[in-house]
Amino acid sequence: MTASADFKAPAAEQMLLRGLLRGFLRLFFRGLVRPPMPVAGQRRVLRALTTITLTPRGVSRSADTLAGRPCEWHRPAVSSGSVLLYLHGGAFMIGGPDTHRGICASLAKRAALQVCALDYRLAPEHPYPAARDDVVAAYQALLEAGYRPEQIAIGGDSAGGNLSLVGCLRIIELGLPTPAALVCFSPVTDFTGEQMHEPPAGDPLLHPSWVEQAAQLYCPADLPRNDPGMSPLFADLSRLPPTLIQVGEDELLLGDSLRLAERAKAAGVNVRLERYPGLWHVFQAHVGMLRAADYAIARVAAFLRERGV
């Protein structure tokens, strides 16, 4: 985990709020969303925790379908006409467009583009490669709807960051035009779990047993955990489009981001790694509350504008 950062966040602030959020997450997420709680219960907990989500004014939301899957569109009052295909996190088992409205609406407003949050199929009902195939189908549907590749970015958090990467790799493999950019918040890149980080302050969100449960339910038994279709760390990354990776330093999956950035740079990819000290897995979910999350979302908007999205 020696990858250097192209950007490192400024000194920590809002320490009281950070402490309160840490305690809340440790008690109500890390303490509950893991075995032995069944997946159905985990889904209910996440929806309850995200029922009241801060969303910015001036962004409309509408339900639709894309490539046969439900989705939610977030549209700002002023839009560039481009679209971000957003893939929610949740360990491939839980979550949906409704649990990630804060991130999606904030990205839509800050980046002045449309955000389409895809309700891809979840494990254990639909293990790999169902979710990845949904991403590819959704991308193809956007192309068929008239969006040009240079108008489309793909992004997501955690499991959704993984799907952004493996979905794009599959798009390239199929010979489809490559999207303009990728945005990954703390992506899962290595299902072997051999290099988990142990932050001194602890990870207030992810419990190791939940990470292993996700791998067991999502990964087919007949595929090795380092199969590049599931674990992009082991894939040929050389043809990926410009990629932004944001990661908190107090999380189990820190190494997944650092090693991916290192390998992508070695493969010649235009990759930007941003590290946020003192923050945890997908801290961007606290946008509108935590200034560091607001700052990170603003950095995403600037990155997409630089790419012409």
Inside the range 36-95, the number of residues satisfying the requirement of being open to solvent by less than 20 Å² (accessible area, probe 1.4 Å) and of a type in the set (S, T, Y) is 2
Quick one: what pairs do we get from the range 50-65, first residue in contact (Cβ under 8 Å) with a residue 40 or more places away in the chain, second open to solvent by less than 50 Å² (accessible area, probe 1.4 Å) and among the hydroxyl-bearing types (S, T, Y), C-beta under 7 Å, 6+ apart or different chains? T50/T99; P56/S106
Out of the residues in the range 44-63 meeting the condition of being among the β-branched types (V, I, T) and under 20 Å from the mean Cα position of the chain (by Cα), tell me which one is nearest to I94 (Cα to Cα). V45
If you go through the range 190-213 one residue at a time, do you hit one that is farther than 14 Å from L252 by Cα and free of Cβ contacts under 8 Å to residues at least 60 places away in the same chain? no
In the list A91, A48, A77, which residue meets the criterion of being over 30 Å from A302 (Cβ atoms) and out of contact with any strand residue (DSSP E or B) (no Cβ under 6 Å at 6 or more places or on another chain)? A48
Within the range 194-253, considering residues that are part of a helix (DSSP H, G or I) and more than 18 Å from the chain's Cα centre (by Cα), the one surrounded by the fewest Cβ atoms within 10 Å (Cβ to Cβ): S209
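The values are calculated or read from the model by the stated rules, or taken from the named source; none is laboratory data. All values derive from a computational prediction rather than experimental measurement. Glycine gets a Cβ as well: all are built from the backbone with ideal geometry, and neighbour counts include every protein chain shown. Each accessible area value is taken on the protein alone, full model and side chains, heavy atoms only, with ligands, DNA and RNA left out. Shrake-Rupley method; radii C 1.70, N 1.55, O 1.52, S 1.80 Å.
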